[in-house]
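Student: Okay, handing you the structure first.
The values are calculated or read from the model by the stated rules, or taken from the named source; none is laboratory data. Values in this document were obtained by computation on a predicted structure and should not be read as measured data. Glycine also receives a Cβ, built like all others from the backbone with ideal geometry; neighbour counts cover every protein chain displayed.
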Amino acid sequence: MTNKIEAPLVRLEWDAANELVDNASNIVTVTHVSPDGDAIGSLMGLTIALREHGKTVMPVVDGGCPDFLRFVPYSEDIRGMIDGLKPDLVISTDASDQPRIGKTGNQLLASNGVPLIQLDHHQTNLLFGDANLVDARTVAAAEGVLDWILERGWEVSQNAAQALLTGFVTDTLCFRTSNVTASTFGKAQILMEAGADLTLIVQNTMARKPTSRHRLYGHVLSRMKLEDGVIWLNLTVEDFKFAGMPLGEYTGLSGYLIEADEAYISATFKEIEETVIECSFRAVPGFDVSRVALSLGGGGHVLASGCTITGKTLEEVEELVVPMLKKQVQLGKPIYR
Ligand SMILES: [Mn+2]
């Protein structure tokens, strides 16, 4: 194995996707479980644009829309369950494989034999749609949705733009990630000219967080470990209880740990049940955590990825995965520091 970063995955089956959309009238849009800003932003940007072009569209995700993303236009329409829905087309956004679209998404596909378009930007995408719109060069699934809207020659409405800019902002950590290019700003300009409010998004996502997250950080950070360029933390069920956070809620800790000067790869190992462990990885440019996640049944981006390991305890997962990450440190070289 070398540290050669693979060419970005690009598979844009526009014609097949457009034909499926043109022949459908009743569409359900879905996105990945534990939805983040890009999941909800791409889901709603697409939903709004399709509705504006005469389609009946119902957005669905397991558990519904998280509270902090309720500022996204029409997010109140997002259902947490599929009862009664019988679409003639399902479109998923921001999910790299079919299990990621959760119980609701998989129930929809299983019960109807209905066709699936999947739109995504993860390098590890498994091309699981009947039509695939995957571009790993895009910074967010929301950018892929915008590309599709522009490809169709559609206007971008203010509501669609607001939803889509949310995906751009959250997936790029406010235009700070290494995949941001001049073209990213060109597309952000299109969205802001259409009326998207950047400050509204920043204040609801980047600049605010639940206080319980501060409580968790204060409780666990002294336990972090740093060896051979890898920095990591184990998070137990007890830690979440102490902080008053729902089990498994997004913590942002791997993104925080990777800011440490001596770290090239960071990880958090999150105990959901005694032998169900969620792993989250981050890397600085020049290293690759996507293949470790993929080999463990997960996926993601070169610099940010994750997986869920079942049948092992927190300690066993740490023992298995940390050496894999240390190996990735040896295979890489920092580009900027
Ligand atoms: Mn995304």
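Student: Looking at the stretch 125-133, can you tell me whether even one residue there is modelled with pLDDT of 95 or more, closer than 21 Å to Gly300 by Cα, within 13 Å of the ligand (Cβ to nearest atom) and not β-branched (Val, Ile, Thr)?
Tutor: Checked against the condition, which is being modelled with pLDDT of 95 or more, closer than 21 Å to Gly300 by Cα, within 13 Å of the ligand (Cβ to nearest atom) and not β-branched (Val, Ile, Thr), the stretch 125-133 yields at least one hit.
Student: Looking at the stretch 67-78, which of the residues that are assigned to a helix (DSSP H, G or I) and of a type in the set (A, V, I, L, M, F, W, C) is nearest to the ligand (Cβ to nearest atom)?
Tutor: Leu69
Student: Which residue is farthest from the ligand (Cβ to nearest atom), if the candidates are limited to the stretch 97-123 and must be part of a strand (DSSP E or B) and in contact with a helix residue (DSSP H, G or I) (Cβ under 7 Å, 6 or more places away or on another chain)?
Tutor: Among them, the one singled out is Leu116.
Student: Here's a check for you: in the stretch 48-66, which residue that is farther than 15 Å from Met81 by Cβ and without any contact (Cβ under 8 Å) to a residue 60 or more places away in the chain is nearest to the ligand (Cβ to nearest atom)?
Tutor: Here the answer is Pro66.
Student: Conditions: (1) of a type in the set (D, E, K, R); (2) within 17 Å of Asp22 (Cα to Cα); (3) within 16 Å of the ligand (Cβ to nearest atom). Asp94 meets all but one. Number of the miss?
Tutor: (2)
Student: Please state which of the following conditions Leu296 fails to meet, knowing it meets all the rest: (1) buried (at least 19 other Cβ atoms within 10 Å of the Cβ); (2) closer than 21 Å to Val139 by Cα.
Tutor: Against the list (1) buried (at least 19 other Cβ atoms within 10 Å of the Cβ); (2) closer than 21 Å to Val139 by Cα, Leu296 comes up short only on (2).
Student: On the given criteria, is Ala142 away from the ligand (no atom under 16 Å from the Cβ), in contact (Cβ under 8 Å) with a residue 40 or more places away in the chain, small (Gly, Ala, Ser) and not in a strand (DSSP E or B)?
Tutor: No, not satisfied.
Student: Here is a follow-up. Is at least one residue of the stretch 200-220 farther than 24 Å from Leu257 by Cα, more than 16 Å from the ligand (Cβ to nearest atom) and surrounded by fewer than 21 Cβ atoms within 10 Å (Cβ to Cβ)?
Tutor: Checking the stretch 200-220: at least one residue is farther than 24 Å from Leu257 by Cα, more than 16 Å from the ligand (Cβ to nearest atom) and surrounded by fewer than 21 Cβ atoms within 10 Å (Cβ to Cβ).
Student: Looking at (1) of a type outside the set (D, E, K, R); (2) away from the ligand (no atom under 16 Å from the Cβ); (3) touching a residue at least 60 places away in the same chain (Cβ under 8 Å), which is the only condition Pro8 fails?
Tutor: The one condition Pro8 does not meet is (2).
Student: Next up: Mind checking which residues of the stretch 146-171 are closer than 19 Å to Pro8 by Cα and within 11 Å of the ligand (Cβ to nearest atom)?
Tutor: Correct list: Phe168, Asp171.
Student: Could you check Arg137 against (1) surrounded by 15 or more Cβ atoms within 10 Å (Cβ to Cβ); (2) assigned to a helix (DSSP H, G or I); (3) charged (D, E, K, R) and say which number it fails?
Tutor: (2)
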